[in-house]
Amino acid sequence: MPETYDAIIVGAGHNGLVTAAYLAKAGRKVLVLERRDILGGCCITEETWPGFRVSTAAYVNSLLRPEIIRDLELPKHGFEMLPRSPSSFSPFPDGRYLMMGPDAAMTQREIAKFSAKDAENYPKYEAMLTRIADFLEPMLDQTPPNPWGGLGDLYRLGKLGWNFRKLGRELGANAIEILTGAATPILDRWFESDQLKATIATDAVIGTFASPSMPGTAYVLFHHVMGECNGVRGVWGYVKGGMGRLSQSIADAARSYGATIRTNSPVGRILVRQGVVSGVALQDGTEFHAPRVASCADANVTFLKLVDPKELPAEFVTAVKGIDYSSATVKINVALSEAPQFTCLPGTGIGPQHHGTMHICPSMEYIERAYDDAKYGKPAANPMLECTMATALDPSLAPPGQHILSMFVQYAPYHLKGTTWAEAAEPFADRCFDILNEYAPNFKRSVLHRQVIPPPEMERLWGITGGNIMQGSMNLGSMFSLRPLAGYANYRSPVTGLYLCGAAAHPGGGVMGAAGRNAAREMLRDG
């Protein structure tokens, strides 16, 4: 007879593990099924080369909800954050550089090298974002109301509108622009230095197939100023031991509450009978039964591959097929014999420039032109590079004196014109290396190993449609009450007992765990 559980979680991404932990903590009998031999989805650490433990996909953290850290007692299970200060370093072709971080006085001094006016405006800009964050951030932990729902939904919409009034006219207008607009006009209004704007703009486009001048990028920018590290707002950090340590700590918490987690267990079908879920079947035919199933996979995988479309309304299937999974990101992981030494900061060893994200994008035009290449089906001739070196703060990740560099590169589309990623991946990585070498001439000769992961490989490795790390576009038309689809933002689906608990649901991408926690809350409400 098939084993029976109260709930089954499909996929052991960090959100799926959060859902499992909360359900198990509430006394439910929970089973988590993961197709790979490693837990965490895109939040993993792998020994890619002997002695080098690489955060293969996600590489920094800030957004993990503090309530989850507290509720699941994650520090007791090995979770520890290493804050980055400075958090940002941008070298420029003229030999100057810009450092930014939680040290406000240092950041102002650095910005003043490029513009005294910008140095004066930057604290005001941050204060504006912080006030909007105070209003919007609690919404991450809420189930979005359905504008087409009943009285309860309408009441919650009204309450949301009433709270919005408290922002006042000017700040309210700023909030609407952040939620709907493009990053470039906002940055142009606040700042005059192209170097500062380009550095900030990287946060507006990372992981998206959009340039800073396109609507929707302002929210992605804002998305990166939320969160905290060790209680300090807006600070990003490395997870000690790599990002997989975060996932493992959640898994350990789930197990401590009684959850069962199985790896090497790929789900082939979600079992549905007459519109009601009854469990899952593995690819080998093994069945597990449960009245509740939550999928950590995206909507395309869940509803078009794991569920028989005949069990879903035709209009729902059509809407799922229309979700935007465009991706323009390549991840390159590199093992180094020594740290990059930048010509603008001559020296040897580790310096503050290595602690945070090293941005290679000298101007706003540079980013726009990189996007233009991808828009026409080509990898960017001059890609935007975001490089991080966690070993600057956590040397345990590599052999003594050696390092791991993570390159998050844009833009490079999933579909290429005139070539394939099998042919283009290595030459594109060569171009990225050449660009970084222009700023740090020792870089290329220090490379010991490299791993190039273009969008189709991301899809194959991590099961994310199109290689989209957010499990779907993060523009206004696919957020809050519209995520993943209008009428289905409450984590439920047309199939009774089937839920989404990953980034495909509100509040979307990023290592925050909110979707998993929110989904668990709704599942418990349903019994």
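What the table below lists for this structure:
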item	result
Tabulated pairs, region 433-449, first more than 16 Å from Gly95 (Cβ to Cβ), second of a type in the set (Ser, Thr, Tyr), C-beta under 9 angstrom, 6+ apart or interchain	Arg445/Ser337; Ser446/Ser337; Val447/Ser337; Leu448/Ser337; His449/Thr48
Top-ranked residue in region 284-294 [being of a type outside the set (S, T, N, Q) and over 31 Å from the mean Cα position of the chain (by Cα); ranked as surrounded by the most Cβ atoms within 10 Å (Cβ to Cβ)]	His289
Residue ID - nearest to the chain's Cα centre (by Cα), chosen from residues in region 271-283 that are touching a residue at least 12 places away in the same chain (Cβ under 8 Å) and open to solvent by 40 Å² or more (accessible area, probe 1.4 Å)	Gln283
Single residue of region 205-220 satisfying the filter (part of a helix (DSSP H, G or I) and free of Cβ contacts under 8 Å to residues at least 60 places away in the same chain) that is nearest to Asp188 (Cα to Cα)	Ala218
Some residue of region 106-118 being of a type in the set (Lys, Arg), out of contact with any Gly (no Cβ under 7 Å at 6 or more places or on another chain) and under 19 Å from Gly237 (Cα atoms)	no
Subset of region 439-492 [open to solvent by less than 30 Å² (accessible area, probe 1.4 Å), in a loop (DSSP other than H, G, I, E, B) and closer than 23 Å to Ala335 by Cα]	Ala440, Asn442, Phe443, Pro454
All positions within region 221-270 that are in contact with a helix residue (DSSP H, G or I) (Cβ under 8 Å, 6 or more places away or on another chain), assigned to a strand (DSSP E or B) and either open to solvent by 10 Å² or more (accessible area, probe 1.4 Å) or closer than 30 Å to Ala290 by Cα (or both)	Glu228, Arg233, Ile261, Val267, Gly268, Arg269, Ile270
All positions within region 1-23 that are among the small types (Gly, Ala, Ser) and under 12 Å from Arg521 (Cα atoms)	Ala20, Ala21
Checklist (1) in a loop (DSSP other than H, G, I, E, B); (2) open to solvent by 10 Å² or more (accessible area, probe 1.4 Å) applied to Arg517, failing item	(1)
First in region 295-307 and farther than 14 Å from Tyr325 by Cα and open to solvent by 10 Å² or more (accessible area, probe 1.4 Å), second anywhere and of a type in the set (Gly, Ala, Ser) and part of a loop (DSSP other than H, G, I, E, B), Cβ under 8 Å, 6 or more apart	Cys296/Gly11; Cys296/Ala12; Cys296/Gly41; Cys296/Gly502; Leu306/Ala297
Subset of region 283-330 [of a type in the set (A, V, I, L, M, F, W, C), closer than 21 Å to Arg262 by Cβ and touching a Phe, Trp or Tyr at 6+ places or on another chain (Cβ under 8 Å)]	Phe288, Ala290, Val293, Ala294
Residue match in region 92-101 (condition: closer than 23 Å to Gly527 by Cα and in contact with an Asp or Glu (Cβ under 6 Å, 6 or more places away or on another chain))	no
Candidates Thr388, Thr348, Thr343, Thr420 - the one that is surrounded by 18 or more Cβ atoms within 10 Å (Cβ to Cβ) and among the β-branched types (Val, Ile, Thr)	Thr388
Condition met for Leu17 (assigned to a loop (DSSP other than H, G, I, E, B), under 29 Å from Ser87 (Cβ atoms) and open to solvent by less than 20 Å² (accessible area, probe 1.4 Å))	no
Where a residue in region 146-160 is farther than 14 Å from Leu482 by Cα and its partner, wherever it lies, is of a type in the set (Ser, Thr, Tyr) and in a loop (DSSP other than H, G, I, E, B), with Cβ under 9 Å and at least six apart	Arg156/Thr143
Answer residue from region 197-215, given it is under 13 Å from Leu179 (Cα atoms) and open to solvent by 10 Å² or more (accessible area, probe 1.4 Å) and is modelled with the highest pLDDT among those	Met214
Region 384-409 residues that are touching a residue at least 24 places away in the same chain (Cβ under 8 Å), paired with ones that are surrounded by fewer than 19 Cβ atoms within 10 Å (Cβ to Cβ) and acidic (Asp, Glu) (beta carbon under 6 Å, 6 or more apart)	none
Criterion: assigned to a helix (DSSP H, G or I), of a type in the set (A, V, I, L, M, F, W, C) and either in contact with a strand residue (DSSP E or B) (Cβ under 8 Å, 6 or more places away or on another chain) or modelled with pLDDT of 95 or more (or both) - qualifying residue of Ile38, Ile69	Ile69
Qualifying residues in region 14-28 (those that are in contact with a strand residue (DSSP E or B) (Cβ under 7 Å, 6 or more places away or on another chain) and not aliphatic (A, V, I, L, M)) - the one farthest from Ala504 (Cα to Cα)	Arg28
Test: residue in region 494-513 that is assigned to a helix (DSSP H, G or I), touching a Leu at 6+ places or on another chain (Cβ under 7 Å), of a type in the set (Gly, Ala, Ser) and open to solvent by less than 10 Å² (accessible area, probe 1.4 Å)	no
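The values are calculated or read from the model by the stated rules, or taken from the named source; none is laboratory data. Predicted, not measured: the structure shown is a model, and the values here were computed from it. We place every Cβ from the backbone using ideal geometry, glycine too, and count neighbours over all the protein chains shown. Side chains are part of the model used for accessible areas, which takes the heavy atoms of the whole protein and leaves out ligands, DNA and RNA. Shrake-Rupley method; radii C 1.70, N 1.55, O 1.52, S 1.80 Å.
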